[in-house]
Each structure stands twice: as C-alpha cells, then as structure tokens.
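The values are calculated or read from the model by the stated rules, or taken from the named source; none is laboratory data. Computed from a prediction, not measured in an experiment: that's the story for all the values here. Cβ: placed from backbone, ideal geometry, glycine included. Neighbour counts: every protein chain shown.
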Amino acid sequence: MLKENNHKENDIIVIRIIGGDEVIAKFVSETEDTITVRKPLALAMMQNGLGLQQYVIMGNMDNPFVINKKAIITTQVANQGAQDNYVQGTSSIKVPPKSQIIT
C-alpha cells in the first residue's frame with residue numbers, strides 16, 4: 001500500500017497511476033485509502049507533441065477527484081517546469097518566461 005507522503009494542501013503533485021497515466025493535480029487531502037485532488041490533468045500526445053489534457057474528460061474540474069491509493073504507484077511534488085505548465089493550463093495566470101539577460 002502507498003504510504004502517506006505528507007503533501008500540503010495546494011501542493012501541485014504528480015501521480016503515477018497503475019495503468020501508466022501520469023497525472024498532475026492540486027493536492028487537497030489524503031486518507032489511509034484515498035488521495036483527493038483538484039483539476040487533474042494527464043500527459044497526452046497532441047498535434048505538436050506532448051501536452052496536458054483534462055484527466056477525466058467529462059468530469060467537472062471544479063469538483064474534487066478522489067483516487068483510490070490501490071491504483072497509485074507513486075506520488076511526488078511536481079518539478080517547477082511541470083508546475084508552471086499546470087498553472088498556465090488551469091488558470092488565467094500566465095507565468096512569464098525566464099529572462100535570458102546575462103549580467
């Protein structure tokens with residue numbers, strides 16, 4: 001069984017599901033048997049390469065999603081690049097590109 005990872009509320013985490021899906025979502029809470037997230041997105045092949053799409057296509061992204069831990073291989077806080085893409089994909093906030101100016 002997956003051990004608790006002690007994620008904090010609103011952490012942006014990555015979840016690897018047994019079926020092979022890699023999901024990025026905002027952490028809400030967890031119990032011994034489940035993990036609850038908001039706005040889950042999954043990696044998907046798009047026209048121009050990899051992209052993010054709604055994990056449950058017909059789901060209401062405003063409601064929390066409860067995932068059974070028996071279906072989870074691992075979870076981890078997402079890396080900064082993944083977090084930036086997630087924020088851009090789930091909100092109207094646009095992350096500015098890093099400056100290329102060398103001082």
Counted residues in the range 23-32 being at pLDDT 95 or above and either exposed (fewer than 14 other Cβ atoms within 10 Å of the Cβ) or touching a Cys at 6+ places or on another chain (Cβ under 9 Å) (or both) come to 1
Log entry, pairs with first residue in the range 64-79 being under 17 Å from Gln54 (Cβ atoms), second being hydrophobic (A, V, I, L, M, F, W, C) and not in a strand (DSSP E or B), beta carbons closer than 9 Å, six or more apart or on different chains, reads Phe65/Val56
Of the residues in the range 40-74, those that are of a type in the set (Gly, Ala, Ser), surrounded by fewer than 18 Cβ atoms within 10 Å (Cβ to Cβ) and within 17 Å of Gly19 (Cα to Cα) come to Ala44, Ala71
Sole miss for Ile72 among (1) over 19 Å from Thr90 (Cα atoms); (2) in contact with a Pro (Cβ under 7 Å, 6 or more places away or on another chain) is condition (2)
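Looking for whichever is surrounded by 10 or more Cβ atoms within 10 Å (Cβ to Cβ) and under 19 Å from Gly19 (Cβ atoms) here; the options are Val37, Val77. Which one fits? So that I can check it myself, show each step before the final result.
Values: Val77 fails: under 19 Å from Gly19 (Cβ atoms).
Answer to the check: Val37.
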